[in-house]
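Data block below; observations after.
Just so you know, all these numbers are worked out from the coordinates, no wet-lab data involved. Note that the structure is predicted; figures quoted are calculated from it, not measured. Heads up, the Cβs are rebuilt from the backbone with ideal geometry, glycines too, and the neighbour counts pull from every protein chain shown.
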Protein chains: 2
Amino acid sequence: MNITRMHGAGGTVMQKLIKETILGNLENTKIEGGIGLESLDDASTIPIGDKEIVFTVDGHTVHPIFFPGGDIGRISVCGTVNDLSVMGAKPVALSLSIVLPEGFDIEKLDKIMKSINEACKEAGVAIITGDTKVSNVDDIIISSAGIGIVDSGKAVRDCGMKEGDVIIVSGNIGEHGLTILLSREGFEFESELKSDVAPVNGLVQSVLNAGFEINAMKDPTRGGLADSLNEMAEKSDLGILIHEDKIPISDEVQAIGEALGIDPLTVANEGKVVMSVKEKDSEKILEILTAHPLGKNAKIIGNVTSEHKGVLMETIVGKRIVDTPMGDPIPRVC
Amino acid sequence: MNITRMHGAGGTVMQKLIKETILGNLENTKIEGGIGLESLDDASTIPIGDKEIVFTVDGHTVHPIFFPGGDIGRISVCGTVNDLSVMGAKPVALSLSIVLPEGFDIEKLDKIMKSINEACKEAGVAIITGDTKVSNVDDIIISSAGIGIVDSGKAVRDCGMKEGDVIIVSGNIGEHGLTILLSREGFEFESELKSDVAPVNGLVQSVLNAGFEINAMKDPTRGGLADSLNEMAEKSDLGILIHEDKIPISDEVQAIGEALGIDPLTVANEGKVVMSVKEKDSEKILEILTAHPLGKNAKIIGNVTSEHKGVLMETIVGKRIVDTPMGDPIPRVC
């Protein structure tokens with residue numbers, strides 16, 4: 001059997017490949033006392049003294065490499081910072097592994113590096129190690145691993161939802177994926193849409209630093225909000241009920257999604273988080289989020305229940321199932 | 001200006017790209033109290049309590065992906081483990097970022113993952129985080145970042161050579177690079193040669209655990225022993241004199257190098273270390289190395305001097321300069 005685009009698009013096809021061929025062959029996937037690869041959370045951890053080192057990696061093959069709102073450099077920093085952030089960790093340092101095609105314009109690389117530098121300054125992280133190769137690729141590829149630090153036992157998991165929790169999403173969804181699609185050749189939509197790509201560590205830390213607990217958290221990238229909610233529900237062995245009219249989504253994303261037949265719930269975001277919090281804390285957390293520039297459109301979109309499994313959405317015509325998508329409908333989105 | 005093969009081959013052309021376009025654009029490259037990117041050592045460090053987290057990354061684009069003695073999976077583990085090892089760290093955990101071409105045979109991926117698993121078991125490390133993408137690449141690319149731990153202030157640097165030190169190389173050089181070259185289509189040499197790719201952490205720890213200090217250390221990958229020695233000499237602001245007749249090199253590598261006009265000193269190794277140690281410790285360290293299966297051909301090859309800068313080699317016809325190569329003569333070697 002051969003690899004197809006769907007094997008790299010998030011969703012069920014990719015999950016099968018990862019579980020069978022990748023995880024299925026690895027015996028050492030966890031450091032004692034830490035969170036391991038088999039958890040398939042946004043990052044793993046290594047206990048050290050009274051702290052845990054939080055470790056994650058993302059490969060970036062986004063096409064095109066420059067798009068409204070960002071570029072492959074910005075996404076390389078933010079994607080990794082955000083995976084550390086949704087674990088409740090303070091991101092500290094990143095590595096960059098760059099693969100360049102022969103003939104790549106060094107001015108483009110210069111522009112990408114400047115963008116990486118800006119994103120690092122926004123996130124307060126350093127690039128402390130790197131590697132560069134030249135190979136037969138059609139465009140630059142950047143893989144960024146990241147290290148964060150969290151107090152022992154304080155990592156936020158994607159499996160920690162509790163019955164009665166409230167689900168909050170930190171802003172308008174679907175902007176990154178649709179921006180990428182529209183910036184490809186052949187799409188001539190007139191649009192002001194731009195990617196939401198941004199480091200969310202400041203936003204998340206504003207909630208944690210105020211003393212609130214977050215029971216579960218993810219950044220809805222490949223596969224979108226639909227994928228993240230399903231993963232949180234499945235891993236927590238609970239159900240989620242969301243309300244269509246409460247999901248923050250711009251008119252533009254709604255219109256483009258409808259025109260193209262793409263459900264924005266399944267489209268990647270690169271500057272959003274979805275969190276499950278205690279009902280009693282939810283209004284205060286929403287206040288903190290909406291006071292932050294990256295959270296101004298944050299909304300409570302639903303709640304956690306033991307009455308059903310999976311994700312249901314209340315719409316004007318009744319409840320519908322929100323399935324785990326087979327994959328992000330837009331390939332090479334990050 | 002555009003990227004050429006030489007920009008990814010180690011050596012002077014690549015150093016210029018890294019210093020100007022990559023380092024030149026980054027403002028945050030170091031965590032206070034740690035070793036930063038600007039040191040261009042084999043890894044960087046992050047202080048945490050009485051330890052330092054040692055962090056490194058390598059991208060692997062080796063062609064062909066299966067070769068005598070190993071494959072891209074084995075090299076992905078060993079390359080990263082070895083960068084941590086030559087910093088004197090205990091390698092603990094790795095990340096894997098895999099980029100697959102559409103149409104890639106999943107059975108090949110399965111074989112690569114099995115090889116990764118074996119190498120992890122040999123090195124005693126775990127793969128704790130990963131990412132998979134499908135993109136327009138001609139073959140699988142694996143980027144592996146790694147975390148090791150070392151006691152505060154105990155990291156071994158490549159800049160720490162002292163006058164009077166003795167230079168030891170842990171075994172026969174040039175085997176990896178020439179194996180890669182011969183396993184490419186069009187080379188019909190009859191040869192038993194195979195890559196030396198192996199994790200050297202056990203070998204290095206056997207010296208450190210015996211209580212010996214290593215003043216400087218590197219693993220001579222892209223650019224070979226010539227590149228590593230020049231880097232150690234330049235960063236330590238000293239010179240190295242090596243003796244041609246003492247450099248461990250198999251007859252086969254010697255013959256193939258001569259036939260192809262390639263100097264084995266400039267060719268990549270993937271299971272060797274070169275270290276600079278006190279003269280008084282050198283014979284005991286050599287004994288420890290040669291007692292280890294990966295160090296049985298270890299040799300003292302020269303010494304550190306303040307009488308000249310750079311690297312000189314004593315040959316039967318007198319001394320010659322061993323320059324930093326412009327790049328590894330064999331592209332896509334790791």
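Quick rundown of the values:
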| read-out | value |
| --- | --- |
| Cβ-Cβ FRET estimate between A:Asp105 and A:Phe189, R0 fixed at 35 Å, reported to 0.05 | 0.80 |
| About the Cα centre, charge dipole magnitude for the protein assembly as shown (Lys/Arg +1, Asp/Glu -1 at Cβ), debye | 840 debye |
| For chain B: relative contact order, % (alpha-carbon pairs under 8 angstrom, 6 or more apart) | 24 percent |
| Dipole moment magnitude, nearest 20 debye, the range B:166-321 about Cα centre, only Lys, Arg, Asp, Glu C-beta charged | 480 debye |
| Residues of the range B:228-242 with amide N under 15 Å of a point placed 7 Å along Cα→Cβ from B:Thr315 | B:242 |
| Beta bridges by DSSP in the protein assembly as shown, antiparallel share as percent, to the nearest 5 | 75 percent |
| Neighbour-count ranking [beta-carbon atoms within 10 angstrom, fewest first] of A:Cys78, B:Cys334 | B:Cys334, A:Cys78 |
| Within a Gaussian network of chain B (alpha carbon springs, distance under 10 Å), most fluctuating of B:Ala198, B:Ala216, B:Ala255 | B:Ala255 |
| Label distances, nm, B:Gly49 versus same residue in remaining copies, Cβ-directed 7 Å point | 0.6 |
| Packing-based exposure ordering (other Cβ within 10 Å, fewest first) of B:Met232, A:Met326 | A:Met326, B:Met232 |
| The range B:273-326, relative contact order [Cα under 8 Å, separation at least 6], % | 19 percent |
| For the range B:166-321, the Rg and Dmax computed from alpha carbons only, in angstrom | 15.4, 49 |
| A:Val322, A:Val13 arranged by Cβ crowding within 10 Å, fewest neighbours leading | A:Val13, A:Val322 |
| Inter-probe distance in nm under a simple model that places probes 7 Å from Cα toward Cβ, at A:Ala259 and B:Gln254 | 7.2 nm |
| Within a Gaussian network of chain B (alpha carbon springs, distance under 10 Å), most fluctuating of B:Gly239, B:Gly271, B:Gly318 | B:Gly318 |
| Most mobile of A:Met87, A:Met113, A:Met217 in a GNM of chain A (Cα contacts under 10 Å) | A:Met113 |
| Counting DSSP beta bridges with both ends in chain A, the antiparallel % (nearest 5) | 75 percent |
| For the range A:100-187: rounded, prolate or oblate by the Cα gyration tensor [a/c cutoff 1.5] | oblate |
| Label point 7 Å beyond Cα along the C-beta direction, distances from B:Leu260 to other copies (nm, shortest first) | 4.7 |
| Cut-off 17 Å, label 7 Å out along Cα→Cβ of A:Asp50, residues of the range A:116-151 by amide N | A:149-151 |
| Residue (of B:Ile141, B:Ile240, B:Gln205) at the positive-pole extreme of the range B:131-278, dipole from beta-carbon charges | B:Gln205 |
| Label spacing, shortest first and in nm, from A:Gly164 to its equivalents in the remaining copies (7 angstrom along Cα→Cβ) | 7.4 |
| Normalised contact order of the range B:218-334, rounded percent, pairs of Cα under 8 Å and 6 or more residues apart | 46 percent |
| P(r) tail fraction, the protein assembly as shown - alpha-carbon pairs more than 32 Å apart, % | 48 percent |
| Cα-based shape type of the range B:46-119, given that a ≥ b ≥ c are square roots of the gyration tensor eigenvalues and the cut on a/c is 1.5 | prolate |
| The range B:5-151: antiparallel DSSP beta bridges as a percent of all, rounded to 5 | 75 percent |
| The range B:5-151, dipole about Cα centre (Lys/Arg Cβ +1, Asp/Glu Cβ -1), debye to the nearest 20 | 160 debye |
| Chain B shape via C-alpha gyration tensor axes, a/c threshold 1.5 | rounded |
| Calculated P(r) tail over 18 Å for the range B:5-151, as whole % of Cα pairs | 61 percent |
| Which listed pairs, of A:Lys114/B:Lys218; B:Lys218/B:Lys319; A:Lys51/A:Lys296, have C-alpha distances above 28 Å, in listed order | A:Lys114/B:Lys218; A:Lys51/A:Lys296 |
